[in-house]
Amino acid sequence: MVDSEPKFFIPESIQGVNFDVTAQMRMVWEVIKAPLIVPLLNMAVYICLAMALMLFMERVYMGIVIILVKLFWKKPHQRYKFEPLQEDEELGNTNFPVVLVQIPMFNEKEVYKVSIGAACNLSWPADRLVIQVLDDSTDPAIKQMVEMECQRWASKGINITYQIRETRGGYKAGALKEGLKRSYVKHCEYVAIFDADFRPEPDFLRRSIPFLVGNPDIALVQARWRFVNADECLLTRMQEMSLDYHFTVEQEVGSATHAFFGFNGTAGVWRIAAINEAGGWKDRTTVEDMDLAVRASLRGWKFLYLGDLQAKSELPSTLRAFRFQQHRWSCGPANLFRKMVMEIVRNKKVRFWKKVYVIYSFFFVRKIIAHMVTFFFYCLVIPLTILIPEVHVPIWGAVYIPSVITILNSVGTPRSIHLLFYWILFENVMSLHRTKATFIGLLEYGRANEWVVTEKLGDSVNSNNKNKPGDAAKKNAATKAPKKTTRSKFVERLNLLELGFAAFLFLCGCYDFVHGKHNYFIYLFLQTITFSIVGFGYVGTIV
């Protein structure tokens with residue numbers, strides 16, 4: 001039998017012929033491209049298309065449900081028992097439950113007066129309200145200022161206590177847990193939690209507590225955040241668009257259909273009995289709020305979201321603060337998913353479809369797939385297909401599906417519709433950072449449990465947002481000491497990973513401009529500019 005001729009051969013250049021280096025590299029590329037690179041890239045395209053379809057179906061589902069909720073669902077006070085609490089001439093204030101207000105703080109020099117003042121001005125009987133300032137500050141001067149502010153309000157007859165710990169063990173979760181252990185709060189039935197930059201309206205408790213009083217199966221009433229510095233710069237406008245979708249759609253749908261959504265960590269009122277039954281606060285992840293919400297839900301407790309109940313707050317207005325916040329918000333849910341997925345599967349107290357909703361929609365699609373498909377598909381796979389034309393991406397996957405997803409995401413902030421295209425580019429850049437954080441959380445590696453408190457400037461809150469856009473950032477920069485050299489400031493702003501991707505996308509755009517057929521270079525050059533702006537750290541200064 002005659003041996004068949006081998007179908008694979010090594011080019012002569014690799015067998016010793018003295019070709020130049022460029023020619024040899026080209027030969028090696030041609031050898032490995034067809035049998036290795038093309039199949040791998042085709043597989044990546046199929047996986048990304050599958051993830052895009054999952055995200056698309058989830059967004060369409062949420063869109064349909066929110067329309068039905070707005071058109072046909074009854075309002076919360078019609079779906080649940082709600083009776084306003086009133087003073088009784090004979091019983092006095094005894095028909096009002098005792099409410100604990102917790103304000104966790106960490107070196108909150110700029111905003112501590114705002115949060116303490118807002119809590120002390122809540123229109124709730126003074127003898128039925130306990131305010132607890134949980135200060136983990138490490139700066140002695142700030143600790144003294146916060147304590148003096150508490151003493152000032154206490155002298156006016158407000159039941160307010162300044163509470164400190166020896167260590168910051170457990171960070172925010174540890175502070176909240178320690179606060180509930182104090183003997184003077186044992187008679188409290190409910191606890192309202194406000195971060196240091198949050199300013200609830202005086203009637204906040206009167207509009208939320210009756211839902212908990214009249215409905216013993218409700219564990220949490222969550223209010224919406226309203227951002228006082230949304231117009232400060234382009235960075236805050238982008239954040240507003242993302243968070244408005246979360247509040248307007250995701251939490252509204254979760255509350256109306258499954259009575260479940262993730263606690264946002266602030267501007268919410270908990271039934272203390274539900275916290276205790278769920279196992280209390282835990283610090284095993286950086287999203288202690290979501291952790292508690294999932295555990296309480298698995299024990300059959302329901303949650304209620306009130307979209308018309310709002311608390312004013314502040315968005316991060318510096319890129320550094322925003323990146324730390326996004327790392328925590330992306331890494332934490334992924335890490336919690338790793339720790340709780342089997343506990344959710346084995347749970348027998350909740351319905352099957354609720355478990356599917358929590359595992360698939362709440363965790364897998366929104367907290368993992370949404371970050372990964374944005375980064376891998378639109379920032380990596382599609383640019384690579386330009387360099388390897390043998391791999392094809394269908395137009396429905398590259399254009400139509402992302403367009404529909406983007407339009408659905410924009411419904412929460414109609415006033416910023418003109419910024420929609422730049423919001424897409426900015427979200428693609430941030431998906432790099434979020435995807436990295438998601439993998440860190442899933443693998444529980446490196447910075448999985450890193451907690452960095454989001455920097456707050458305070459000026460825009462204290463001035464009731466009367467300053468001009470960007471004034472708060474400029475004032476904060478001006479008051480920092482000691483001043484650093486221009487060169488060191490510039491080096492600190494650099495984000496090398498984003499700059500590296502900017503260079504990669506620019507090269508792909510140039511190649512597509514010269515050799516491509518799909519005109520992707522328009523998108524690639526615009527995405528290059530956005531990666532470069534973030535890479536040089538200037539997005540927070542654009543007004």
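State the number of residues belonging to the stretch 172-187 that are touching a helix residue (DSSP H, G or I) at 6+ places or on another chain (Cβ under 8 Å) and closer than 13 Å to residue 135 by Cβ.
Count: 3.
Just to be sure, is residue 315 in contact (Cβ under 8 Å) with a residue 40 or more places away in the chain and touching a helix residue (DSSP H, G or I) at 6+ places or on another chain (Cβ under 7 Å)?
When the stated conditions are applied, residue 315 passes them.
Residues checked against (1) assigned to a loop (DSSP other than H, G, I, E, B); (2) touching a Ser or Thr at 6+ places or on another chain (Cβ under 8 Å):
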site	(1), (2)
361	no, no
368	no, yes
379	no, yes
383	no, no
386	no, no
389	yes, no
408	no, no
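Quick one: is residue 337 open to solvent by 20 Å² or more (accessible area, probe 1.4 Å) and modelled with pLDDT of 95 or more?
The answer is yes for residue 337.
Can you work out which of the residues in the stretch 168-195 that are assigned to a loop (DSSP other than H, G, I, E, B) and either in contact with a Cys (Cβ under 7 Å, 6 or more places away or on another chain) or crowded, with 18+ Cβ neighbours inside 10 Å (or both) is modelled with the lowest pLDDT?
So, considering only residues that are assigned to a loop (DSSP other than H, G, I, E, B) and either in contact with a Cys (Cβ under 7 Å, 6 or more places away or on another chain) or crowded, with 18+ Cβ neighbours inside 10 Å (or both), the one modelled with the lowest pLDDT is 170.
Given the residues 254, 262, which is the only one that is buried (at least 21 other Cβ atoms within 10 Å of the Cβ) and within 16 Å of the chain's Cα centre (by Cα)? It would help to see each step written out before you state the result.
Numbers: 254 fails: within 16 Å of the chain's Cα centre (by Cα).
Checking each option against the conditions leaves just 262.
What number of residues within the stretch 496-543 satisfy the criterion of being of a type in the set (D, E, K, R) and crowded, with 17+ Cβ neighbours inside 10 Å?
Matching residues across the stretch 496-543 total 2.
Check residue 161 against each of (1) open to solvent by less than 60 Å² (accessible area, probe 1.4 Å); (2) polar (S, T, N, Q); (3) under 25 Å from residue 186 (Cα atoms); (4) in contact (Cβ under 8 Å) with a residue 40 or more places away in the chain and name the one condition it does not meet.
(4)
Here is a list: 237, 206. Which entry is over 22 Å from residue 361 (Cβ atoms), assigned to a helix (DSSP H, G or I), modelled with pLDDT under 95 and not β-branched (Val, Ile, Thr)?
Details: 206 fails: modelled with pLDDT under 95.
Criteria check complete, one pass: 237.
Across the stretch 122-135, which residue is most open to solvent (accessible area, probe 1.4 Å) among those that are more than 29 Å from the chain's Cα centre (by Cα) and not hydrophobic (A, V, I, L, M, F, W, C)?
Looking at residues that are more than 29 Å from the chain's Cα centre (by Cα) and not hydrophobic (A, V, I, L, M, F, W, C), I get 127.
Would you confirm, using the coordinates I've provided, whether residue 48 is modelled with pLDDT of 90 or more, over 29 Å from residue 180 (Cβ atoms) and surrounded by 16 or more Cβ atoms within 10 Å (Cβ to Cβ)?
Yes.
Name the residues in the stretch 136-152 that are assigned to a helix (DSSP H, G or I), without any contact (Cβ under 8 Å) to a residue 40 or more places away in the chain and crowded, with 19+ Cβ neighbours inside 10 Å, would you?
The answer is 149, 150.
For the stretch 340-372, give me each residue that is open to solvent by 60 Å² or more (accessible area, probe 1.4 Å) and within 19 Å of residue 246 (Cβ to Cβ).
Let us first name the residues in the stretch 340-372 that are open to solvent by 60 Å² or more (accessible area, probe 1.4 Å), namely 342-343, 345-346, 348-349, 351-353, 360, 364.
Of everything in the stretch 340-372, those that are open to solvent by 60 Å² or more (accessible area, probe 1.4 Å) and within 19 Å of residue 246 (Cβ to Cβ) turn out to be 360, 364.
Which of the residues belonging to the stretch 12-26 are open to solvent by less than 70 Å² (accessible area, probe 1.4 Å) and either under 48 Å from the mean Cα position of the chain (by Cα) or at pLDDT 50 or above (or both)? Walk me through how you get there before you give the answer.
Narrowing the stretch 12-26 to residues open to solvent by less than 70 Å² (accessible area, probe 1.4 Å): 13, 16-17, 23-24.
Matches in the stretch 12-26: 23, 24.
Tally up the residues in the stretch 59-97 that are in contact (Cβ under 8 Å) with a residue 12 or more places away in the chain, of a type in the set (A, V, I, L, M) and exposed (fewer than 15 other Cβ atoms within 10 Å of the Cβ), please.
Number of matching residues: 1.
Taking the stretch 391-406 only, how many residues are outside any helix (DSSP H, G or I) and not aliphatic (A, V, I, L, M)?
Total meeting the criteria: 2.
Collect the residues in the stretch 265-279 that are open to solvent by less than 10 Å² (accessible area, probe 1.4 Å) and not in a helix (DSSP H, G or I), keeping them in residue-number order.
Just the residues of the stretch 265-279 that are open to solvent by less than 10 Å² (accessible area, probe 1.4 Å), to begin with: 265-270, 274-275, 278.
Across the stretch 265-279, the qualifying residues are 265, 266, 267, 268, 269, 270, 278.
Quick check on my filter: what residues within the stretch 213-229 are of a type in the set (A, V, I, L, M, F, W, C) and buried (at least 23 other Cβ atoms within 10 Å of the Cβ)?
Of the residues in the stretch 213-229, the ones of a type in the set (A, V, I, L, M, F, W, C) are 213, 218-221, 223, 225, 227-228.
Listed by number, the residues that qualify are 219, 220, 221, 223.
Each row is one residue, and each column tells you yes or no for (1) in contact with a Leu (Cβ under 7 Å, 6 or more places away or on another chain); (2) at pLDDT 95 or above.
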position	(1), (2)
108	no, no
111	no, no
118	no, yes
122	yes, yes
125	no, no
130	yes, yes
133	no, yes
136	no, no
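Would you confirm whether or not the stretch 281-304 contains a residue that is in a loop (DSSP other than H, G, I, E, B) and within 30 Å of residue 533 (Cα to Cα)?
Yes, the stretch 281-304 contains at least one residue that is in a loop (DSSP other than H, G, I, E, B) and within 30 Å of residue 533 (Cα to Cα).
Name the residue that is farthest from residue 208 (Cα to Cα), counting only residues in the stretch 116-135 that are part of a loop (DSSP other than H, G, I, E, B) and in contact with a Pro (Cβ under 8 Å, 6 or more places away or on another chain).
121
Can you name the number of the only condition in (1) in contact (Cβ under 8 Å) with a residue 60 or more places away in the chain; (2) under 26 Å from residue 269 (Cβ atoms); (3) open to solvent by less than 10 Å² (accessible area, probe 1.4 Å); (4) in a helix (DSSP H, G or I) that residue 331 fails?
Going through the list (1) in contact (Cβ under 8 Å) with a residue 60 or more places away in the chain; (2) under 26 Å from residue 269 (Cβ atoms); (3) open to solvent by less than 10 Å² (accessible area, probe 1.4 Å); (4) in a helix (DSSP H, G or I), residue 331 breaks only (2).
Pairs, please: C-beta under 6 Å, at least 6 apart or cross-chain, first residue part of a helix (DSSP H, G or I) and in the stretch 426-452, second surrounded by fewer than 17 Cβ atoms within 10 Å (Cβ to Cβ)?
From residues that are part of a helix (DSSP H, G or I), the pairs are 440/446; 440/447; 442/338.
Within the bounds of the stretch 234-250, is there any residue that is open to solvent by less than 10 Å² (accessible area, probe 1.4 Å) and more than 16 Å from the chain's Cα centre (by Cα)?
Looking through the stretch 234-250, none of the residues is open to solvent by less than 10 Å² (accessible area, probe 1.4 Å) and more than 16 Å from the chain's Cα centre (by Cα).
The values are calculated or read from the model by the stated rules, or taken from the named source; none is laboratory data. Since the model is a prediction, treat every value here as computed from it, not as a measurement. Cβ atoms come from the backbone with ideal geometry, glycine included; neighbour counts cover every protein chain shown. Areas reflect the complete protein model, heavy atoms only, side chains present, ligands, DNA and RNA absent. Shrake-Rupley method; radii C 1.70, N 1.55, O 1.52, S 1.80 Å.
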